[in-house]
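See below for the structure under consideration.
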Amino acid sequence: MPTPKEWLERIREISAGQHVRVLNVCGGHERTISKAGVRAVMPEGVELIPGPGCPVCVCPEEDIFAAIELAQRPDVTLVAFGDMLHVPANVPKRMPRSLQAVKDAGADVRPIASPQEALRIARDSPEREVVFFAAGFETTMAPVASLMAEGVPDNLSILLAGRRTWPAVAMLLESEAPGFDALVAPGHVATIMGANEWRFVVDQHNVPAAVAGFHTESLLSGIYSAVRQYVEGRPFLDNCYGEVVRPEGNACAQDILNRVMDVVPANWRGIGEIPASGYSLKPDYAAHDARLRFAVDPAEDRKRAGQMPPGCDCARVVLGKIYPDECALYGKACTPRNPVGPCMVSDEGACRIWWSSGIRTQREREPA
């Protein structure tokens with residue numbers, strides 16, 4: 001494997017005189033790019049664009065509101081992955097705007113790091129209703145499905161906000177202005193679903209695609225492959241994470257997902273409904289579906305088609321239409337200490353990643 005310096009030299013050589021916009025789908029990729037300063041050392045013609053790789057960022061506002069409502073019930077313990085506690089909802093000032101605010105007011109809200117923690121909490125508190133607010137992409141949904149398949153206590157239910165990554169990319173490619181010329185596909189998702197899930201990018205849209213991992217060498221090899229395919233006019237699906245990703249993915253994980261969950265249309269915050277982009281529990285698991293168990297049915301005024309807070313440009317950041325520092329709120333009204341939009345909340349969100357990496361202005365993120 002070439003060193004990072006050697007990959008950079010190859011990218012410079014192949015991209016000379018070209019302008020190539022490369023979209024990275026995964027928040028993990030953006031974290032590597034930003035923290036390692038990859039964007040700053042790219043040749044001038046290679047533009048690295050953060051894309052829809054943050055499940056926290058696209059979790060619909062009505063689901064966050066439902067979780068807040070459930071958490072305020074005296075008989076409920078609500079558990080969620082840590083980032084979800086800080087995602088704001090659009091509510092009047094007199095109401096709590098996040099799960100953390102509800103927790104601060106005395107509700108039993110607990111951050112967890114894995115589905116197994118939700119299981120343990122439910123078993124340790126059989127007298128309470130435990131609701132697991134489960135948001136995530138395929139890599140998170142597979143262990144959630146496994147948890148359900150193995151059997152859970154009667155007092156554990158799931159408020160599911162699972163999403164699939166490829167339909168969002170398909171939506172961009174099918175739009176009039178996708179905004180990118182080549183794609184670096186997410187290695188973690190491909191580990192579960194297989195590299196071949198991204199073949200449509202090449203076959204249907206003639207766009208270069210490379211699956212990459214998260215260490216610098218793998219990511220740079222994916223960028224190099226995507227740029228080279230574009231420059232040579234020879235798009236193909238390249239697996240640059242072969243030590244982990246197989247063409248067909250993890251058959252066992254896919255089988256569990258298919259047995260426990262249905263694929264459904266889903267709302268993405270700030271974007272709207274995307275066909276076949278979400279998960280719901282199959283009827284066999286209806287007894288553990290928090291939406292059915294607690295009759296969660298947001299009023300029409302809560303169904304905001306994924307609305308972001310006023311002035312927040314998170315949706316355009318997620319879609320790769322603008323960079324984080326092009327949002328008027330970035331670093332001003334919106335910081336990790338006081339996030340306005342979800343992209344500044346999560347470690348997978350581009351705004352939070354950029355701020356944590358010390359990127360404050362356009363000059364600091366432009367190639368040298």
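The values are calculated or read from the model by the stated rules, or taken from the named source; none is laboratory data. Predicted model only: the values in this text are computed from it and were never measured. All Cβ positions, glycine included, derive from the backbone under ideal geometry; neighbour counts span all protein chains shown. To get the accessible areas, we keep the full protein, side chains included, count just its heavy atoms, and leave off ligands, DNA and RNA. Shrake-Rupley method; radii C 1.70, N 1.55, O 1.52, S 1.80 Å.
What to note about this one:
- Near VAL340, the amide H atoms lying under 5 Å from its own belong to THR335; only residues 5 or more places off or on other chains count, and H is placed 1.01 Å from N.
- Under-5 Å amide H pairs with ALA135, H placed in peptide plane, nonlocal only: PHE81, ALA161
- Translational diffusion of region 23-147 was estimated from the Stokes-Einstein equation, with Rh taken as the Kirkwood radius over Cα pairs; at 4 °C and 1.567 mPa s the coefficient is 79 µm²/s.
- Per residue, the solvent-accessible area of region 1-355 (1.4 Å probe, heavy atoms of protein chains only, all protein chains present) comes to 40 Å².
- When a 1.4 Å probe is rolled over the protein heavy atoms, the share of accessible surface on region 1-355 that falls to carbon and sulfur comes to 49 percent.
- Pairs of alpha carbons in region 126-253 separated by more than 26 Å make up 33% of all such pairs.
- Counting charges near VAL56 (Lys, Arg +1; Asp, Glu -1) among other residues having Cβ under 12 Å from its Cβ returns a value of -1.
- Estimated 222 nm signal from helices in the chain, with DSSP H stretches of n ≥ 4 weighted -39500 (n - 2.57), rounded to 500: -10000 deg cm²/dmol
- Rounded to the nearest 20 debye, the dipole size of region 107-168 about its Cα centre is 240 debye, using +1 on the Cβ of Lys and Arg and -1 on the Cβ of Asp and Glu.
- Vicinal HN-Hα couplings computed from phi for region 110-127 (Karplus, 6.51 cos²θ - 1.76 cosθ + 1.60; Hz; Gly/Pro x): 10, x, 10, 10, 8, x, 4, 5, 4, 4, 5, 4, 5, 5, 6, 10, x, 7
- Within the chain, the percentage of alpha carbon pairs spaced more than 39 angstrom apart rounds to 15%.
- Among VAL130, ILE64, SER218 the positive-end extreme of the charge dipole of the chain (Cβ point charges): ILE64
- Per-residue Karplus couplings for region 246-263, computed as 6.51 cos²θ - 1.76 cosθ + 1.60 with θ equal to phi - 60°, are listed in order as 10, x, 9, x, 9, 4, 5, 5, 5, 4, 5, 4, 5, 7, 9, 10, 9, 8 Hz, Gly and Pro entered as x.
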